[in-house]
1. For B:Lys657, work out the one condition from (1) within 16 Å of ligand 1 (Cβ to nearest atom); (2) more than 14 Å from chain A (Cβ to nearest Cβ) it doesn't fulfil.
2. Is the range B:75-92 home to any residue that is buried (at least 17 other Cβ atoms within 10 Å of the Cβ), part of a helix (DSSP H, G or I) and not assigned by TED's automatic domain parsing to the domain that holds B:Ile192?
3. Give, as residue ranges, the strands (runs of 3 or more DSSP E) completely inside the range B:544-649 that count at least 3 residues that are of a type in the set (A, V, I, L, M, F, W, C).
4. So in the range B:71-111, with the set limited to residues that are small (Gly, Ala, Ser) and under 29 Å from the mean Cα position of the chain (by Cα), which one is farthest from B:Thr145 (Cα to Cα)?
5. Of the residues A:Lys29, A:Lys74, only one is under 12 Å from the mean Cα position of the chain (by Cα) and away from ligand 1 (no atom under 16 Å from the Cβ); which?
6. Run down B:Thr533, B:Thr499 and say which single residue is away from chain A (no Cβ under 14 Å), on the phi < 0 side of the Ramachandran plot and either touching a residue at least 12 places away in the same chain (Cβ under 8 Å) or in a loop (DSSP other than H, G, I, E, B) (or both).
7. Quickly run through the range B:621-654 and pick out the residues that are more than 11 Å from ligand 2 (Cβ to nearest atom), within 17 Å of B:Cys687 (Cβ to Cβ) and either of a type outside the set (Gly, Ala, Ser) or outside the structural domain of B:Pro682 (by TED's automatic domain parsing) (or both).
8. Do we have B:Thr669 as surrounded by fewer than 16 Cβ atoms within 10 Å (Cβ to Cβ), away from ligand 2 (no atom under 15 Å from the Cβ) and either within 40 Å of the chain's Cα centre (by Cα) or of a type in the set (Phe, Trp, Tyr) (or both) here?
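The values are calculated or read from the model by the stated rules, or taken from the named source; none is laboratory data. Small disclaimer: the values here were computed from a predicted structure and weren't measured. As a convention, Cβ positions derive from the backbone with ideal geometry for all residues, glycine included, and neighbour counts pool all protein chains shown.
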Amino acid sequence: MVKCVVCQSTIEKGEYCDAHTIAKNNLEKRFSDWQKAYEKMSWKEYLTRISDDADIPVGEWAKEVAIYLLEQNKK
Amino acid sequence: MTDYLCISEKPTAAKRIATALDEKGKPKKLPVPRNFGKIPVWESMRKGDRIVTIPALGHLYSTVEDSAGGWHYPAFSYKWTPSYLANEKNKTRPFILAFKKFGKEISNVIIATDYDLEGEVIGATIAKFACGQDLANVKRMRFSTLTKSDIVNSFEHRDPTVNINLVNAGFARHEIDWLFGINLTRALTLSIKHATGRYKLITTGRVQGPTLRFVADRERDIQTFVPIPRWVIDAKIDLDGDEIFIEYNKKFLSSLKEAEKVVVETAGRDGIVKEIGSRKITQKPPSPFNLGTLQSEAYRHFGYTPSRTLRAAETLYLNALISYPRTSSQQFTSAINHRDILTQLTKSDPYRIRANKLLSKSKIQPTFGKKKDPAHPPIHPTGKKLAGNLRNEERNLYNLIVCRYLAIFGEPSIKNGLRLDLDINGHIFYFRGMKVLKKGWLEFYAPFGRVDEVELPDLAVGDVVKLAYINHKQSYTQPPARYNPNSLLKKMEEQELGTKATRASTIDILYNRGYMEDESINATDLGFAVIDTLEKNSPDIISIELTRKLQREIENIQTGKKTREAVLMESIVQLKDILEKFHKREKIIGITLQEQVQNLKQRQRILGKCPKCKQGELIITRSIRTKKRFVGCTGFYKKQCDWSAPIPQKGYAAPAKKNCKHCGFPMLTIRRKGKRPFTICPNWLNCPGTPDEVIDNYRNNKAGALDVFVEEET
Ligand SMILES: [Zn+2]
Ligand SMILES: [Zn+2]
Ligand SMILES: [Zn+2]
């Protein structure tokens, strides 16, 4: 048994729980759309926008993953 | 002279039946022993015969476990018992006493409950258990309205026996629901108990689980949603000083560059009217109401939830104003005389003109939809005049039902959809209009079928207009919408979950049990935890297919294709399989369920370790008394730490997941619509980072003192 890196819930294996896995996949999948929309955008800029801009209708779990990934980035 | 005992479903219906059957329209209220309470027993005289009518109060009997007891599973043996014995709060004992007393005296028993699965079970249990009748000898009155003529007719042409298939299907549904409900609820609850020693009742049922799953799945889609940016073009033209919105021919642009290009290339330029087109749209009149479409329209026009609509419709039915509402039929049979009903409606002011107009037609032909229901016709008015004793929502609903009924005899409506195309430097913009050419059925459905007509501006091809304003606006793709009670009911219908009679109450139960909340339905943490855990460990419990299959089996009993015993045996085999699989994974289910219930709730609230006691955690919580939000230490519950502080009340507060650089307290983030999120220190009263002004304002009780603080933190 291990814990989800984002929410600490018990999972059988892996890094993320189911909910946060879906959220992380969605974040990755949508990145290219954002790059196209703004012509250029880095992964870090993307995550920052997603986690900071209250106008963006992003789901809470996706936001939690974005915040986690940003923190990992800093280390 | 013959004596008859007539079993009715409710006191109001009993009075109507007794009055209709009594030749003078004045049935006698028979005296009953004191311990029967105020239960009305009616005696009607008809052609020398005596008819005693007694009401039930819905179900008087229910299924209970038939064993020495103990809270365990599997529990496969059950028996039918008076509901007042099964549940102390149930007050139906006098009703059973009345049926027993008169059941002894009178041997000709007639069931006159609502003609459907529930009604059949209510009647059959009373005839069998209270009156001691063999169901093969029990007669059945069938009616779709409580009008005098329908009741008399159904008495004179009563069925020689009850519909035994319907009875068996009704019994089987109760029994299967009981089996699934009790076993799954016990399994879930005991899994937590066995794994963690804690007791938390987790209830579920055959239809509840899969219904909650829709809500939880939607919640997951929303919470994991990542939008795509897009842009819209905002533009207005100037027409003699009036600014009028026009739409760009592409609703959304997928890149900022593309949006900028449109603005740059059109700003300050004139537009030329390039084309004016029109398109005829013919719309057929709607189908007659069944319960589902009535609930849906009542939600749309009045905002009534499906269960509220059903309750109001039931009152209208009991007042003999409309036909039986629990129907899925959208097709009238020739048995209903529309000319009669319309003639009755001409006696009511609001409907006179429209009803007369329909009566003047040579042929009165209603529309029909796809759904059939052999038991009852579509919901329609009886023609009886509205009495003064109705509540507002009942009146509204009645009006909707009558207008719909009038509309189904109308002609198709014809509308003209207009579009003016404007060319601005090669970019095409639209202006849309709408004109009704022929009202048709819309006239009869008024005020419900209103169309907003929009005139096109007085322009011709080649005219030049001035662009008054143009800019692009950032927007995003949107997460899927949450269910509301109405769309959830529709989803259940579409997926064949539950029946028309039970769907609305299943939704109510999920609210009452705390699995979902709000009008725009959220799965609660508890609801989400249950579905999430079951999806992983025991997917059959919330499987839509299984529920639907059981539903079909019940229908098979109703049509005589299968016996009640065979279907029950099959269900038990299936349930046994589910329970065995569940039991193998009981431990992990129990642990994750408990953890999820705890964790989901907490992780939205825990800021971090409490710096004061270094044991508890600081959480965002609410005062039970003042309902105000504040930050406190969990040590408070153990009487170890009393640290707490007020925080701003507006906006969504969540852990910031970082510590204050001035005092080291874990911080929180406040999000408000349309504003940047702010991070504040919960220790602001003692934190060196807090501006003096905020403290002064707070000490002077200045309203919004903390809001100022939030604003200034940026
Ligand atoms: Zn997680
Ligand atoms: Zn503390
Ligand atoms: Zn601080």
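1. (2)
2. Within the range B:75-92, one or more residues are buried (at least 17 other Cβ atoms within 10 Å of the Cβ), part of a helix (DSSP H, G or I) and not assigned by TED's automatic domain parsing to the domain that holds B:Ile192.
3. Ranges flagged: B:617-622, B:629-633.
4. Checked the range B:71-111; the qualifying residue farthest from B:Thr145 (Cα to Cα) is B:Ala86.
5. None of the others qualify; the one that does is A:Lys29.
6. Checking each option against the conditions leaves just B:Thr499.
7. B:Phe630, B:Pro646, B:Ile647, B:Pro648
8. Spelling it out, it is not the case that B:Thr669 is surrounded by fewer than 16 Cβ atoms within 10 Å (Cβ to Cβ), away from ligand 2 (no atom under 15 Å from the Cβ) and either within 40 Å of the chain's Cα centre (by Cα) or of a type in the set (Phe, Trp, Tyr) (or both).
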